[in-house]
Amino acid sequence: EAQVTQNPRYLITVTGKKLTVTCSQNMNHEYMSWYRQDPGLGLRQIYYSMNVEVTDKGDVPEGYKVSRKEKRNFPLILESPSPNQTSLYFCASSPRRTTYEQYFGPGTRLTVT
Amino acid sequence: AQSVTQLGSHVSVSEGALVLLRCNYSSSVPPYLFWYVQYPNQGLQLLLKYTSAATLVKGINDFEAEFKKSETSFHLTKPSAHMSDAAEYFCAVSDPRDDKIIFGKGTRLHILP
């Protein structure tokens, strides 16, 4: 089944403890992206990647890192999480650029205390 | 710079009534436009998209949207609402020259019995 998977789905952590949220897609898509969803703010793009070893900042990249060493994986790294990063995170992939439909993962709900 | 505005964070309609969700965009070039739906505790999924072909776009579940350049609008409609349409809907705009996509803040659709 074609899908985007994220792990973990739920995570509660403490300020400053490094964490990684994994994202994997099995559709051989070139384009992958991370978003955060906050009430009243909609979805905001954190980082995106056009292909392996090619990443770029979205609208809210501060406090996040990403890497794209393999086409299928696009992990999101929070080196030192803070409470303002408490949010619902979505990974998405697309065959090529954003002009194509994006396929979203199920989301990761992160709480930083 | 692109932007997208969704009028109304919450919209309520009666079952069987017309659904109208409003989306206005700003873009310096002909944009690509999307409507996504998010059901509770799920990721987003594509309803329909406009990519400079026909101005009236039909999507899944009898939803459709019309691209009106003169009004910079891409409103979503459905002739008859079902209880299963209760969800949050996001309009998004993409500039075909780059790889960013901007989402609106979302409209939560409530269906009244």
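Residue count for segment B:35-47 satisfying the condition of being of a type in the set (A, V, I, L, M, F, W, C) and at pLDDT 95 or above: 3. If you scan segment B:24-60, which residues turn out to be more than 30 Å from A:ARG9 (Cβ to Cβ), more than 10 Å from every other protein chain (Cβ to nearest Cβ) and in contact with a strand residue (DSSP E or B) (Cβ under 9 Å, 6 or more places away or on another chain)? Once the filter is applied, which keeps residues that are more than 30 Å from A:ARG9 (Cβ to Cβ), more than 10 Å from every other protein chain (Cβ to nearest Cβ) and in contact with a strand residue (DSSP E or B) (Cβ under 9 Å, 6 or more places away or on another chain), segment B:24-60 yields B:ASN24, B:TYR25, B:SER26, B:SER27, B:LEU33, B:TYR50, B:ALA54, B:THR55, B:LEU56, B:VAL57, B:LYS58. For segment B:43-55, filtered to residues that are surrounded by 13 or more Cβ atoms within 10 Å (Cβ to Cβ) and of a type outside the set (Phe, Trp, Tyr), the residue that is farthest from the chain's Cα centre (by Cα) is B:GLY43.
Applying the condition of being touching a Ser or Thr at 6+ places or on another chain (Cβ under 6 Å) and buried (at least 21 other Cβ atoms within 10 Å of the Cβ) to segment A:22-44 and asking which residue is nearest to B:GLN38 (Cα to Cα) yields A:ARG36. Quick one: in segment B:62-93, of everything that is hydroxyl-bearing (Ser, Thr, Tyr) and part of a strand (DSSP E or B), which residue is nearest to A:ARG44 (Cα to Cα)? Once the filter is applied, the top-ranked residue is B:TYR89. Residues of segment A:88-105 that are surrounded by fewer than 21 Cβ atoms within 10 Å (Cβ to Cβ) and at pLDDT 95 or above: A:LEU88 alone. Do we find that A:SER33 is under 24 Å from B:CYS91 (Cβ atoms) and hydroxyl-bearing (Ser, Thr, Tyr) in this structure? Yes, satisfied.
A:SER94 meets all of the listed conditions (1) under 20 Å from B:VAL93 (Cβ atoms); (2) at the interface with chain B (Cβ under 8 Å from one of its Cβ atoms) but one, namely (2). Within segment B:57-66, restricting attention to residues that are touching a Phe, Trp or Tyr at 6+ places or on another chain (Cβ under 8 Å) and over 21 Å from A:ARG97 (Cα atoms), the residue that is surrounded by the fewest Cβ atoms within 10 Å (Cβ to Cβ) is B:GLU66. Can you name the number of the only condition in (1) in contact with a Lys or Arg (Cβ under 8 Å, 6 or more places away or on another chain); (2) within 14 Å of chain B (Cβ to nearest Cβ); (3) free of Cβ contacts under 8 Å to residues at least 60 places away in the same chain that A:ASN28 fails? Every listed condition holds for A:ASN28 apart from (2). Scoring B:SER94 on the criteria (1) more than 11 Å from chain A (Cβ to nearest Cβ); (2) small (Gly, Ala, Ser); (3) over 29 Å from B:PRO113 (Cα atoms) leaves a single failure, condition (1). Screening segment B:94-110 for residues that are in contact with a Ser or Thr (Cβ under 7 Å, 6 or more places away or on another chain) and outside any loop (DSSP other than H, G, I, E, B) and picking the one that is surrounded by the fewest Cβ atoms within 10 Å (Cβ to Cβ) gives B:HIS110. One residue stands out among those in segment A:34-53 that are at the interface with chain B (Cβ under 8 Å from one of its Cβ atoms) and either within 15 Å of the chain's Cα centre (by Cα) or not in a loop (DSSP other than H, G, I, E, B) (or both): the one that is farthest from A:ARG96 (Cα to Cα), which is A:GLY42.
The values are calculated or read from the model by the stated rules, or taken from the named source; none is laboratory data. This one's a predicted model, so the numbers in the text were calculated from it and none came from an experiment. No Cβ is skipped: glycine too gets one built from the backbone with ideal geometry, and neighbour counts run over all protein chains shown.
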